[in-house]
Amino acid sequence: MNGQAQLQSAPSGNIHTDPKIIAGFMDKRLGLFIHWGPVTLRGTEIGWSRNHQVSQSDYDSLYKEFNPVLFDADQWVKTAKDAGMKYLTITAKHHDGFCLWPTAFSTYNIMHTPYKKDIVGALAKSCKKYGIQFCIYYSVLDWHHPDYPLHNDGKKVPDPLADMEKYRVYMKNQLKELITQYHPYMLWFDGNWESPWTQDMATDLYQYLKKLDKNVIINNRLGKTSDEGMGPGTVGDYATPEQHIGQLNMKDPWESCITLCEQWAWKPNDAMKSLPQCIQTLCSTAGGNGNLLLNVGPMPDGRMEARQIKRLKEIGDWLKQYGSSIYGTKGGPFVPDSICAFTRKDNKIYVHLFHATGSQLVMPDLPGFRITKAYFLKGEAVPFYHYGDHMSLELHRNLPDPVCSVFVLEMNAPVENIPVIIKITSKID
Ligand code: FHN
């Protein structure tokens, strides 16, 4: 994939990530997000339930009983790999301030639990072993830390005992630990919206991190700009729409983060997305030229739920058949919709058909381009027609894959640089 990353707006300051590294990230298309910590003992939302569903004193004492004896980093990473995921992002420190690694700068960490083992280090090692890129989520805000001025306790006035400059030093010390000890492929920042954190602090931290590792990818949630896109004030390398599929964008890289269930952290009997929902989300994300970071919340004992592992395996099985239409492709040339999503690579256009509402799939013609062959990916030929300013595919009554059928349109020339077209799809019964 080329082109898109060169046009991204460089974060303010003199250092930014090599566009080739960003392009390589975008080729991966699918990653696993993991939200986990002692809060799973209550089954409530990580960070947000502190001082709300769970009292501050109870929440902040959970680490004393957090003992995930069934945690197996290899199992988590193999689950991600079996799902066709190419990278894994763990909440090393969420808004509640608890650290899943033996940080030297706070005792509020995994080594002070009955478990006493480095979760971040174990996952970094397993990702290396299984060839998955290891990424770290780190919350800028920290409602537990005494030097961070806000504590999500309903008080609007900043804590007079807090010292934001000391907290910034704490952050830099921890991030230097994480970079130098675990060498993450990417840092996924969050919690940038509160008043104690400023745009200047974000730019300063970005430059600091790039001096530690010029190749580490950093998302756009350090600065004070919108998660949705990239603009002049963005600090970071790619946009991060959340809980929805981002808009098609051939210029700026983006990744949607979406939960497999409803809560980010584990909740008993949480509603889980169906396989068609997951596959349609993945295809529509890739169809928009973006990545999908799909979230799982493991249980207090360290296991992921069997039903979630099964769902991830089903996604991986689909990708074993059709992954060539997702990995390393670009989105477009037509804008995705509820019926189908399109990706492209070299002279091929991949059509991901979620359900057929008629006997033909009609698309606008691509001036100067002709279909030379059309077929189901790993299947038989499909009749196609060019007429007027349209081209169409004849749809079978029984599509080959009830979840999502993938057609291939081999064109008479490379298609990656065709400008995006808003597709007006009509069905002819
Ligand atoms: O507040 C967090 C939330 O807990 C979760 O981590 C998501 C994931 O991107 N980010 C923030 C909400 O925007």
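The values are calculated or read from the model by the stated rules, or taken from the named source; none is laboratory data. The shown structure was predicted, so the numbers you read here are calculated from the model rather than taken from an experiment. Positions of Cβ are generated from backbone atoms using ideal geometry, with glycine treated the same way; all protein chains shown enter the neighbour counts. Ligands, DNA and RNA are excluded from the accessible area calculation, which covers all protein heavy atoms including side chains. Shrake-Rupley method; radii C 1.70, N 1.55, O 1.52, S 1.80 Å.
Table for the structure above
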| read-out | value |
| --- | --- |
| Set of the stretch 223-237 residues, backbone N closer than 15 Å to the point 7 Å along the Cα-Cβ line of MET164 | 223-225 |
| Å² per residue, accessible surface of the stretch 19-325 at 1.4 Å | 36 |
| Relative contact order of the chain, defined on C-alpha pairs under 8 angstrom at six or more residues apart (%) | 17 |
| Prolate/oblate/rounded label for the stretch 275-364 (Cα gyration tensor, a/c 1.5) | prolate |
| 13 Å beta-carbon shell around LYS93, net charge (K/R +1, D/E -1) | -4 |
| Positive minus negative residues near ASP159 (Lys, Arg vs Asp, Glu; Cβ under 10 Å) | -2 |
| Hydrodynamic radius of the chain per Kirkwood, over alpha carbon pairs, in Å | 22.7 |
| Calculated FRET efficiency for the pair LYS313/LYS373, C-beta based, R₀ 56 Å, to 0.05 | 0.95 |
| Cleavage-rule hits, trypsin sites (Lys or Arg not before Pro), the stretch 210-246, DSSP coil, Cβ neighbours within 10 Å at most 13 | LYS214 |
| The stretch 34-54 residues near the modelled ASP301 label - backbone nitrogen below 20 Å, point 7 Å along Cα→Cβ | 35-44 |
| Amide H contacts under 5 Å for SER405, placed H, 5+ residues apart | LEU353 |
| Rounded, prolate or oblate (a/c below 1.5 giving rounded, otherwise prolate when a/b exceeds b/c) for the stretch 313-367 by Cα gyration tensor | oblate |
| Estimated vicinal HN-Hα couplings, Hz - the stretch 256-268 in sequence order (Karplus 6.51, -1.76, 1.60; Gly, Pro = x) | 7, 9, 9, 7, 5, 9, 9, 8, 5, 8, 4, 9, x |
| Neighbour net charge for THR372 - beta-carbon separation under 12 angstrom, K R +1, D E -1 | +2 |
| Accessible area of the chain belonging to carbon and sulfur atoms, whole % at 1.4 Å probe | 55 |
| Sites THR180 and ASN215, calculated FRET efficiency, Cβ-Cβ separation with R0 22 Å, nearest 0.05 | 0.95 |
| Pairwise FRET efficiency - TYR387 versus ALA104, Cβ, R0 = 60 Å, nearest 0.05 | 0.30 |
| Full-extension gain in nm, ASP204 to VAL157, via 0.36 nm per residue minus C-alpha separation | 14.4 nm |
| Spin-label pair HIS52/ALA271, simplified geometry with 7 Å Cα→Cβ offset, distance in nm | 1.8 |
| DSSP-defined beta bridges in the stretch 19-325 - what % are antiparallel, rounded to 5 | 5 |
| Rough spin-label spacing in nm, given labels placed 7 Å along Cα→Cβ, for GLU262 and TYR130 | 2.9 |
